[in-house]
Amino acid sequence: MTCLEGVPANPVFWSVCGVCAVAALGLFTTLKLQKFNGKFYYAHTFGALIWTLLAVGFESASTDFDCQFQWAILAWPGNAMVPIAWCFFVFAYVDHAAWLKKRIVFAALTLIPLAIFTFAATNQWHNLVYTDETRILPGEDHIQYVHGPGFYVIVTILYAFVVPTLWCLAKAFKRAKRTAWPLLITLLLITITPLTANASYVIFGFTIFGLDPTSFMFTLGIIIFTWMLLTNKTMDMAFVGQSALFNTMTEPVIMIDRFQNIMQMNAAAKQSGLHHNSGRNLKELLANIRDMTPSGSPDQLCIDDRIYEPRIREIESPLDPAKTILGWSITFVDITDRIAVSAALEEALQRADEASRAKDEFISVVSHELRTPLTSLTGGLSLALSGRLGEVNDPILSLLKIAHRNGLRLTRLIDNILLTQKINVNALNLESKPVKLAQLLEESLEENKMFATERGIELALKDVDRNAVVIGDAFAIRQIVDNLLSNAIKFSVENGVVEGSVIASNGQATLSITNSGRGIPAGMESQVFGRFEQVNDKVESYTQGSGLGLHISRNLAEKMLGNIFYESEEGRKTTFFTTFPIAATPDNA
């Protein structure tokens, strides 16, 4: 307890405690708020400094030789750890050294200071650190240390960590950007200043409060560095990331203050020559920027051979977000290629539209030109088959029947093509009159009975609601029913059954045609109702057709506010449904 007597009354001690408190606050704040490489070694450096300063403070406040010498010995763990921890911190912070994770590094950080402290603590037996001439001179308050060879050995060991630190910083200067130089200079000064102070102490006897100035100078430097850590953004990931993102953007971006001055621009803006080649357009943009909103930005800005679309965003003041603005950011989106692509696409669409119109006109003209001679041809064949022109022998009669049948198929194809053209150009006029679905279904079944008999198919009328009356075009609805019924016959298996029904419920009349066939594979709806498309059928050739029947039927149904869809079970059956809104009962029709 004798070495603590009089310490609280010593102003130097409280000054040292104040420095330690500042250092401890800086350490706590940095560890709490900052994330950086080497934080572990940074904390050890700071902790060792505080330890050393407290020992120096107690030494300065003590009055007798034994206490001062005791506190000087206790300062050695901190004296030894500071340069070692600082060396490791610089390598971690600046160089991201992977070797710092090795166990030998932690051993060096622990064992070297411990060994030096042990060597200094046993000085009374070997006098190698301080010789026996170390004493308080008459008229002096503090010990006059006379260093022995062991002291210089310790200094040499510790300097062996200072030299690599300087080498690491020298390498960093060569590769770092100039924006990082202030931080590197600070690190360099923190490393050199205590070294210079220690050399002055050893060689020239320079002291602070009569004590070794090394720890004081190092503490001052590291407090300054701590302040830089808290305020400098050189190593701040968020700041550096934002800066990198800003400068790596492909679009030119400029920052304008509220006086219409360009304050900052990214690398793309500089490369585009935005700040000196944009001419009158950019000047007008800057002059009128206060009156513009993002939606009121100028459409285009031509710079050299590129076309940009300015997008303006206000930068609000954090102190008064509702009123004052600090300036604007303008992003110049390069739309040159987009305009070129749009122009090329528009031209291609125009050409495609012209080609489509030309194709439609060609089909229409050809269809009309074929229709007249085809009508004469089928009429002549019908007359010859009727026997009015005389008897025809069997071989010729067979050929005439084939020709007549194919003529009728070709006539239907031409009629379907012309009908499709009318639907596509909205030139088809349909009547809106009451239509009895049951009557149309019965008529269609009767007229297709012969075709079904030829295929070995039985036609059946299942459920019929004779009160189902819809508003539409009777001829168009009959065409829909005929298409569905003929398809059902063609796609039914031999000796199969095709059933028709009409059901009215929930304000809708539903006409359904069911066949006993191979069914339709899932996901084929686009082909079933497509134009000139048909589901592949490799089994029987008679199912091949123009691929227009169901396409026409669906379009006709939709024009009369109806719809066509199907349900299919592969290998069993397919049912096509046609729905129309119910208009009235037969009594009211």
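The values are calculated or read from the model by the stated rules, or taken from the named source; none is laboratory data. Here the structure is a predicted model, which is why all the values come from computation and not from measurement. Methodologically, a virtual Cβ is constructed for each residue, glycine included, from the backbone with ideal geometry; neighbour enumeration extends over all protein chains shown. Note: accessible area is taken over every heavy atom of the protein model, side chains too, but ligands, DNA and RNA are not part of it. Shrake-Rupley method; radii C 1.70, N 1.55, O 1.52, S 1.80 Å.
Residues that are assigned to a helix (DSSP H, G or I) and of a type outside the set (A, V, I, L, M, F, W, C): does the range 131-138 have at least one?
At the first step, the residues of the range 131-138 found to be assigned to a helix (DSSP H, G or I) are none.
Within the range 131-138 (the criterion being assigned to a helix (DSSP H, G or I) and of a type outside the set (A, V, I, L, M, F, W, C)), the answer is no, since none of the residues qualifies.
Would you be able to tell me the number of residues in the range 98-127 that are open to solvent by less than 70 Å² (accessible area, probe 1.4 Å) and either assigned to a loop (DSSP other than H, G, I, E, B) or on the phi > 0 side of the Ramachandran plot (or both)?
Qualifying residue count, the range 98-127: 2.
Any residue in the range 120-145 that is more than 16 Å from CYS67 (Cα to Cα) and of a type in the set (Asp, Glu) sitting within a Cβ distance under 8 Å of a residue that is open to solvent by less than 70 Å² (accessible area, probe 1.4 Å) and in a loop (DSSP other than H, G, I, E, B)? List the pairs, counting only those 6 or more apart or interchain.
GLU133/VAL146
With the structure loaded, tell me whether GLU558 is at pLDDT 85 or above and acidic (Asp, Glu) or whether it fails that test. Let's see the steps before the verdict.
Numbers: at pLDDT 85 or above: yes; acidic (Asp, Glu): yes.
So GLU558 passes the test.
Just checking, how many residues over the range 357-401 are of a type in the set (A, V, I, L, M), open to solvent by 40 Å² or more (accessible area, probe 1.4 Å) and either over 19 Å from ILE417 (Cβ atoms) or modelled with pLDDT of 70 or more (or both)?
Residues meeting the conditions: 9.
Out of the range 491-522, which residues are open to solvent by 20 Å² or more (accessible area, probe 1.4 Å) and either assigned to a strand (DSSP E or B) or among the polar types (S, T, N, Q) (or both)?
We begin by selecting, within the range 491-522, every residue open to solvent by 20 Å² or more (accessible area, probe 1.4 Å); these are 491, 493-495, 497, 499, 503-508, 510, 514, 516, 518-522.
Once the filter is applied, which keeps residues that are open to solvent by 20 Å² or more (accessible area, probe 1.4 Å) and either assigned to a strand (DSSP E or B) or among the polar types (S, T, N, Q) (or both), the range 491-522 yields ASN495, VAL497, GLU499, ILE503, ALA504, SER505, ASN506, GLN508, THR510, THR514, SER516.
Looking at ASN467, ASN429, which is the one that is touching a residue at least 24 places away in the same chain (Cβ under 8 Å) and open to solvent by 20 Å² or more (accessible area, probe 1.4 Å)?
Working: ASN429 fails: touching a residue at least 24 places away in the same chain (Cβ under 8 Å).
Among ASN467, ASN429, only ASN467 is touching a residue at least 24 places away in the same chain (Cβ under 8 Å) and open to solvent by 20 Å² or more (accessible area, probe 1.4 Å).
Taking the range 13-51 as the search range and keeping residues that are over 53 Å from the mean Cα position of the chain (by Cα) and within 17 Å of GLN70 (Cβ to Cβ), which one is most open to solvent (accessible area, probe 1.4 Å)? Step through it out loud before you land on a result.
Just the residues of the range 13-51 that are over 53 Å from the mean Cα position of the chain (by Cα), to begin with: 13-17.
Okay, now just the ones that are also within 17 Å of GLN70 (Cβ to Cβ), so 13, 16.
Working: PHE13: 21, VAL16: 4 Å².
Looking at the filtered set, the residue picked out is PHE13.
Scan (1) outside any helix (DSSP H, G or I); (2) more than 58 Å from the chain's Cα centre (by Cα) for the single condition PHE451 breaks and write down its number.
For PHE451, the failing item is (1).
Please list, ordered by residue number, the helices (runs of 4 or more DSSP H) wholly in the range 144-252 having 1 or more residues that are modelled with pLDDT under 75, farther than 25 Å from LEU109 by Cα and out of contact with any helix residue (DSSP H, G or I) (no Cβ under 9 Å at 6 or more places or on another chain). Before the answer, list the steps.
Working: elements: 149-175, 181-204, 214-231, 237-248.
In the range 144-252, 181-204, 214-231, 237-248 are the helices (runs of 4 or more DSSP H) which contain 1 or more residues that are modelled with pLDDT under 75, farther than 25 Å from LEU109 by Cα and out of contact with any helix residue (DSSP H, G or I) (no Cβ under 9 Å at 6 or more places or on another chain).
Can you confirm whether the range 315-329 contains a residue that is at pLDDT below 75, over 28 Å from GLN271 (Cα atoms) and of a type in the set (Lys, Arg)?
yes
Hey, among the residues in the range 259-278 that are at pLDDT 70 or above and over 30 Å from the mean Cα position of the chain (by Cα), which one's surrounded by the fewest Cβ atoms within 10 Å (Cβ to Cβ)? If you could, list the steps in order and put the result at the bottom.
First, the residues of the range 259-278 that are at pLDDT 70 or above: 259-272.
Keeping just the survivors that are over 30 Å from the mean Cα position of the chain (by Cα) gives 259-262.
Details: PHE259: 8, GLN260: 15, ASN261: 10, ILE262: 16.
Taking the candidates together, the pick is PHE259.
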